[in-house]
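Peer 1: Starting off with a structure, shown below.
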Amino acid sequence: MSQPNDLLAVLIDADNVPPSKIGAVLTEVARFGTASVKRVYGDWTTPNLGSWKSVASEHVIQPMQQFANTVGKNATDSALIIDAMDLLYTGRFRGFCIVSSDSDFTRLASRIREEGVTVHGFGERKTPEAFRNACDQFTYLEVLDEPAAESTAPVSTRIPGPKLRSDTKLVHGLRTSVSTASGEDGWANLAPVGLLMRKQHPDFDPRNWGYAKLSDLVRATELFVVESRPGGVRVQSRKKNGV
C-alpha cells in the first residue's frame with residue numbers, strides 16, 4: 001500500500017510508448033504511490049503524436065513540447081532527462097516512473113538510483129536489457145493488458161508447469177531466492193522471495209508467465225511446497241523423493 005508521502009514523478013517518452021497503454025500504466029503506478037507529476041514528452045507539432053493529445057487530456061498528463069531541431073538527435077530524450085534531474089534535486093519524490101522502451105534512459109535510471117530514489121521502468125519486451133537492469137523494477141507493457149484478477153485470466157495465457165521447469169533462469173532464480181530467504185527449518189516467507197527475485201532480475205513479474213500472483217507461479221512449477229498461513233504464504237523446496 002502506498003503512503004501519503006509516496007510521491008512519484010511519471011515521465012513518458014511519447015515517441016516510444018503507444019498511448020493505448022497509458023491507462024494501464026497509471027493503474028500500475030498507483031500501486032507504488034501517488035503520481036503527483038505526470039508529463040509526456042514529444043514534438044506535438046508532428047502528426048504522429050496526434051492520438052496522444054486526447055489520452056494526455058483524459059489522464060491529466062502535461063504535454064511537454066520539444067521541437068526536433070536537429071536531424072539524428074533525440075531532443076525529446078534530452079528534455080525528459082533534464083526535467084528528471086531537476087525534479088530529483090527537489091528531494092520531493094520517493095520514486096520515478098520512466099515510461100519508455102529506449103535504452104537512452106539507462107544512465108538516467110542509474111543516476112536516480114544513486115540518490116537512493118526508486119526507479120520503476122515501463123516498456124515493451126523489446127526494451128534493451130541495459131535499461132531494464134538499471135531500474136529497481138521493470139514492467140512490460142504487454143503484461144499490463146492481462147486481467148488484474150487471476151480468476152478471470154485465460155488459462156491459455158499461462159505457461160504450463162513442464163515449460164516453467166525448463167526455464168533454467170526462472171528455476172535457478174526461484175531456488176536461489178528460496179534458499180537465501182529460508183530459515184533453519186527450510187521454509188521461506190514468499191514476500192522476501194519475490195523481493196530477492198526482483199533484485200536479481202528487475203523485469204521479474206509473475207505476469208510474464210501468465211500468473212497474477214507469485215504464489216501461483218511457484219505452485220505451477222511443482223518444484224516447491226507452498227502453504228498459506230494467517231501471517232502470509234511460505235514456501236519450501238521439494239526434495240526428489242518428497243519433503
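Peer 1: Residue under question is residue 16, and the condition is that it be of a type outside the set (Lys, Arg) and within 21 Å of residue 140 (Cα to Cα); does it hold? Steps first, answer last, please.
Peer 2: Values: of a type outside the set (Lys, Arg): yes; within 21 Å of residue 140 (Cα to Cα): yes.
Judged against the criteria, residue 16 is a match.
Peer 1: Oh, and also: Filter the range 109-136 down to the residues that are in a helix (DSSP H, G or I) and either surrounded by fewer than 23 Cβ atoms within 10 Å (Cβ to Cβ) or of a type in the set (Lys, Arg) (or both) and list them by number. Don't jump to the end; show me each part of the working.
Peer 2: Initially, the range 109-136 is screened for residues in a helix (DSSP H, G or I), giving 109-114, 129-134.
Across the range 109-136, the qualifying residues are 110, 111, 113, 114, 129, 130, 132, 133.
Peer 1: Between a residue in the range 160-175 that is in the same structural domain as residue 192 (by TED's automatic domain parsing) and over 18 Å from residue 235 (Cβ atoms) and any residue that is surrounded by 11 or more Cβ atoms within 10 Å (Cβ to Cβ) and at pLDDT 90 or above, which pairs come within a Cβ distance under 6 Å, given they are 6 or more apart or on different chains?
Peer 2: Listed by first residue and then by second, the contacts come to nothing, as the list is empty.
Peer 1: Which of the strands (runs of 3 or more DSSP E) found entirely inside the range 1-85 contain at least 3 residues meeting this: modelled with pLDDT of 95 or more?
Peer 2: Working: elements: 7-13, 34-42, 62-65.
Output list reads 7-13, 34-42.
Peer 1: Which residues, taken from the range 162-180, are farther than 15 Å from residue 197 by Cα and assigned to a helix (DSSP H, G or I)?
Peer 2: 162, 163, 164, 165
Peer 1: Would you check which residues across the range 94-108 are of a type outside the set (Val, Ile, Thr) and either crowded, with 24+ Cβ neighbours inside 10 Å or free of Cβ contacts under 8 Å to residues at least 40 places away in the same chain (or both) and list them?
Peer 2: Passing the criteria: 96, 97, 100, 103, 104, 105, 107, 108.
The values are calculated or read from the model by the stated rules, or taken from the named source; none is laboratory data. It should be emphasised that the depicted structure is a prediction, and the values quoted were computed from it without experimental measurement. Cβ: placed from backbone, ideal geometry, glycine included. Neighbour counts: every protein chain shown.
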